[in-house]
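> One structure follows; several queries about it will come next.
The values are calculated or read from the model by the stated rules, or taken from the named source; none is laboratory data. All figures in this text were calculated on a predicted structure; none of them were measured in a lab. Using ideal geometry, Cβ is built from the backbone for each residue, glycine included, and neighbour counts are taken over all protein chains shown.
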Amino acid sequence: MATSEERGEIIRDIFNRIRARLDELDEARNKVLNDRRDLLSLCRKAMSLIHSGETLIAKKMAADIKERIKQIEGMCSDKEMFCLISGILRPVKQELVEVEVLLAIIESRTIPSPRDLGVGVISYALGLGDVIGELRREILIAISANKLELAEQLLKWMTILLEEISQLAYPDSLIPIRHKIDVGRSLLDKTFSELLFYKRSSSLV
C-alpha cells in the first residue's frame, strides 16, 4: 500500500503531465486562432470577388483555403487535438461552404457535398443557411442589370435551400440553425416582393 508521500508524488506527476498537455494544446490553439483569422479574411475576400464577377480568382482562393484547412488538421497529433482544432476552424469551414456552393450555383455546376469540401455536416448545413443571404445579393445585382431570368433562377435556389434547411429540426445544442432559417425566410419573402415589384414596374415602362 502506497504511503501518503508516495500518493502525493503520484498526483503531482499526473498534474505535471496534465499541465504539459494543456500547454501543448494551448500553443496549438493560439496558432490556429491566428490561422482562422487569416482564413476568414480570405473567405470574405473570395465572396466579395464572386459578387464582383471575379469568379476565377474566387475559385483559386477557395481551393487555397481548402488546402490550408487540410494542412492544419493534418498536423493534429491525436484525436483530442483534432477535435479542438476542428472546432476552432468551424467558422472557416462554414464560409468555405458559402463560397463553394455559391460558385457552383452561379456557374450551373453540381452542388459540392460535405465530402467534396472536406467539412462535417454541421458546418455544411450552417454554411448553406448563409448562402441564402449571398443569393439575395446576387439577385439584387441581377435586377440592377435587368437580368430578370437570372434573378428568377437564383430565387428558385433560395427557395430550395430554405426548404431543405427548414427540415433540420434539431436542438440548437447540436446545430444552431433555427435563427438562420428565420433570417432566410425573411430574406426570401423580401427578395420575392422586390423582384415582383421590379417586374411589374418594368412592364409599365
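> Just need a number here: residues in the stretch 145-192 that are aliphatic (A, V, I, L, M), out of contact with any helix residue (DSSP H, G or I) (no Cβ under 8 Å at 6 or more places or on another chain) and over 23 Å from residue 113 (Cα atoms). Please lay out each step first, then the result.
The first filter runs over the stretch 145-192 and keeps only residues aliphatic (A, V, I, L, M), leaving 145, 148, 150-151, 154-155, 158, 160-162, 165, 168-169, 174-175, 177, 181, 183, 187-188.
Those still in the list that are out of contact with any helix residue (DSSP H, G or I) (no Cβ under 8 Å at 6 or more places or on another chain) too: 145, 160, 169.
Going one step further and asking which of them are over 23 Å from residue 113 (Cα atoms), we end up with 145.
Within the stretch 145-192, residues that are aliphatic (A, V, I, L, M), out of contact with any helix residue (DSSP H, G or I) (no Cβ under 8 Å at 6 or more places or on another chain) and over 23 Å from residue 113 (Cα atoms) number 1.
> I'd like the residue in the stretch 191-205 that is closer than 16 Å to residue 138 by Cα and among the hydroxyl-bearing types (Ser, Thr, Tyr) and, out of all such residues, is surrounded by the most Cβ atoms within 10 Å (Cβ to Cβ).
191
> Another one. Does at least one position in the stretch 89-97 carry a residue that is part of a helix (DSSP H, G or I), modelled with pLDDT under 95 and crowded, with 20+ Cβ neighbours inside 10 Å?
No.
> Would the stretch 32-48 turn up any residue that is out of contact with any Asp or Glu (no Cβ under 7 Å at 6 or more places or on another chain), farther than 22 Å from residue 86 by Cα, assigned by TED's automatic domain parsing to the domain that holds residue 94 and not basic (Lys, Arg)?
Yes, the stretch 32-48 contains a residue that is out of contact with any Asp or Glu (no Cβ under 7 Å at 6 or more places or on another chain), farther than 22 Å from residue 86 by Cα, assigned by TED's automatic domain parsing to the domain that holds residue 94 and not basic (Lys, Arg).
> Tally up the residues in the stretch 135-144 that are in contact with a helix residue (DSSP H, G or I) (Cβ under 9 Å, 6 or more places away or on another chain) and surrounded by fewer than 19 Cβ atoms within 10 Å (Cβ to Cβ), please. Break it down into steps so the answer makes sense when it comes.
Here is the first cut: in the stretch 135-144, the ones in contact with a helix residue (DSSP H, G or I) (Cβ under 9 Å, 6 or more places away or on another chain) are 135-143.
Imposing the further condition that a residue be surrounded by fewer than 19 Cβ atoms within 10 Å (Cβ to Cβ) reduces the set to 137, 140-141.
Adding up the residues that qualify gives 3.
> Are there any pairs with C-beta distances below 6 angstrom linking a residue in the stretch 181-195 that is under 11 Å from residue 159 (Cα atoms) to a residue that is acidic (Asp, Glu), with the two at least 6 apart or on different chains, and if so which?
As it stands, the answer is none, since no pair meets every condition given.
> How many residues does the stretch 171-190 contain that are within 18 Å of residue 94 (Cβ to Cβ) and either outside the structural domain of residue 132 (by TED's automatic domain parsing) or exposed (fewer than 13 other Cβ atoms within 10 Å of the Cβ) (or both)?
In the first step, residues of the stretch 171-190 are kept if they are within 18 Å of residue 94 (Cβ to Cβ); the result is 172-184, 187.
Restricting the remaining residues to those that are either outside the structural domain of residue 132 (by TED's automatic domain parsing) or exposed (fewer than 13 other Cβ atoms within 10 Å of the Cβ) (or both) gives 172-174, 179, 182.
Residues that pass the stated criteria total 5.
Here's the yes/no breakdown for (1) without any contact (Cβ under 8 Å) to a residue 60 or more places away in the chain; (2) surrounded by fewer than 16 Cβ atoms within 10 Å (Cβ to Cβ); (3) of a type in the set (Asp, Glu):
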residue	(1), (2), (3)
10	yes, yes, no
38	yes, yes, yes
56	yes, yes, no
63	yes, yes, no
99	yes, no, no
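> Now for a separate question. Across the stretch 155-190, what is the total count of residues that are within 14 Å of residue 128 (Cβ to Cβ) and not in a helix (DSSP H, G or I)?
6
> Which residues, counting only those in the stretch 88-121, are small (Gly, Ala, Ser) and under 19 Å from residue 72 (Cβ atoms)?
Step one: list which residues in the stretch 88-121 are small (Gly, Ala, Ser), which gives 104, 108, 113, 118, 120.
The answer is 118, 120.
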